[in-house]
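Worksheet for the structure shown next.
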Amino acid sequence: MEKINLDNYKGIIFDMDGVIFNISDAIKKAVDDSVDKYQMNVNQDEVMEEIARLIEEIQNYPVPKILLNSYELLKVKFLEGISFFKKLRIAIFMFNQFNKYKDAESSIYEGIDKLISKLAKHKKLAILTNNKSQYAEEVLEKFNLSSYFNTIIGFNDVSEVKPNPEGILKILNKWNLKPTEAIFIGDMTTDIEAGKAANVKMICVASGLAQKETLLKHQPDILVDSTEQLIKLFNL
Ligand SMILES: [Mg+2]
């Protein structure tokens with residue numbers, strides 16, 4: 001298996017959900033509840049990424065912003081063919097269920113804290129999330145990881161979220177690094193697109209929300225199956 005030669009890199013950018021923080025179980029339960037309640041005919045594996053992305057995007061939007069954007073937000077495949085108001089009901093229910101499960105069911109991936117603390121000894125570390133930066137700060141604080149990250153960029157810090165490379169470029173600019181000196185670790189196709197557009201080394205973790213075949217199609221530089229494999233990749 002391929003190893004990363006850390007001598008070649010000075011900065012590492014982490015996505016939050018799906019890389020550090022594991023929200024898969026909370027999403028799965030929210031989807032299960034919605035499928036039961038609304039008798040939806042969906043394949044859970046296929047809809048996970050879309051739902052994860054939707055949840056990530058709206059998680060910290062103020063309600064008026066969600067309402068204003070709801071028509072666009074709900075143009076998702078798993079709700080195709082359903083009337084707008086029913087879509088809205090399903091989405092709100094799913095989102096409430098997710099929030100109900102999130103705190104109790106979610107934790108950081110096993111071993112990711114050790115990897116972060118080791119990497120932080122030699123490299124600059126940042127978080128880039130499409131969620132609100134405050135959310136990332138709270139999660140990092142809860143799991144005693146705050147001190148390792150000198151930069152946290154959320155949707156509130158950029159004009160365009162991932163797949164746009166703006167956030168990555170902003171971090172590189174702050175660090176005064178060239179794209180070739182940085183690694184971006186993400187778990188979704190939007191992360192792969194952002195990393196490639198920014199020209200950094202893109203490592204994708206297929207941690208469960210997006211399907212591996214879909215991720216492969218977007219051609220990350222490296223694709224690993226799990227946090228365990230991600231840790232091995234760094235050989236620390
Ligand atoms: Mg993610």
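The values are calculated or read from the model by the stated rules, or taken from the named source; none is laboratory data. Quick caveat, the model's predicted, so the values are computed rather than measured. Positions of Cβ are backbone-derived with ideal geometry, glycine not excepted, and every protein chain shown enters the neighbour counts.
Can you tell me which residues in the stretch 106-149 are more than 15 Å from VAL19 (Cα to Cα), assigned to a loop (DSSP other than H, G, I, E, B) and in contact (Cβ under 8 Å) with a residue 40 or more places away in the chain?
Answer for the stretch 106-149, where residues must be more than 15 Å from VAL19 (Cα to Cα), assigned to a loop (DSSP other than H, G, I, E, B) and in contact (Cβ under 8 Å) with a residue 40 or more places away in the chain: HIS122, LYS123, LYS132.
For the stretch 188-195, state whether one or more residues are at pLDDT 95 or above, closer than 26 Å to GLU110 by Cα and not aliphatic (A, V, I, L, M).
Within the stretch 188-195, one or more residues are at pLDDT 95 or above, closer than 26 Å to GLU110 by Cα and not aliphatic (A, V, I, L, M).
Go through MET48, MET16 for me and flag whichever is hydrophobic (A, V, I, L, M, F, W, C) and either in the same structural domain as TYR148 (by TED's automatic domain parsing) or more than 16 Å from the ligand (Cβ to nearest atom) (or both).
The unique qualifying residue is MET16.
Since ILE27 meets every condition but one in (1) of a type in the set (A, V, I, L, M); (2) exposed (fewer than 14 other Cβ atoms within 10 Å of the Cβ); (3) touching a Leu at 6+ places or on another chain (Cβ under 8 Å), which condition does it not meet?
(2)
So TYR71 passes all but one of these: (1) hydroxyl-bearing (Ser, Thr, Tyr); (2) part of a helix (DSSP H, G or I); (3) under 22 Å from the mean Cα position of the chain (by Cα); (4) farther than 30 Å from ILE4 by Cα. Which condition number does it fail?
Going through (1) hydroxyl-bearing (Ser, Thr, Tyr); (2) part of a helix (DSSP H, G or I); (3) under 22 Å from the mean Cα position of the chain (by Cα); (4) farther than 30 Å from ILE4 by Cα one by one, TYR71 breaks only (3).
Quick one: ILE4 ticks every box in (1) in a helix (DSSP H, G or I); (2) crowded, with 16+ Cβ neighbours inside 10 Å; (3) touching a residue at least 24 places away in the same chain (Cβ under 8 Å) except a single one, so which number is it?
So ILE4 meets the others, but not (1).
Kindly indicate which of LYS118, LYS28, LYS114 is within 16 Å of the ligand (Cβ to nearest atom), within 24 Å of TYR135 (Cα to Cα) and charged (D, E, K, R). Please lay out each step first, then the result.
Working: LYS118 fails: within 16 Å of the ligand (Cβ to nearest atom); LYS114 fails: within 16 Å of the ligand (Cβ to nearest atom).
Of the residues listed, the single one that is within 16 Å of the ligand (Cβ to nearest atom), within 24 Å of TYR135 (Cα to Cα) and charged (D, E, K, R) is LYS28.
Here is a yes/no grid of residues against (1) at pLDDT 95 or above; (2) touching a helix residue (DSSP H, G or I) at 6+ places or on another chain (Cβ under 6 Å):
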position	(1), (2)
ALA104	no, no
GLY111	yes, yes
LYS118	yes, no
LYS121	yes, no
LEU125	yes, yes
ASN131	no, yes
GLU141	yes, no
ASN144	yes, no
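Please tell me if ASP103 is acidic (Asp, Glu) and either under 18 Å from ASP187 (Cα atoms) or part of a loop (DSSP other than H, G, I, E, B) (or both).
no
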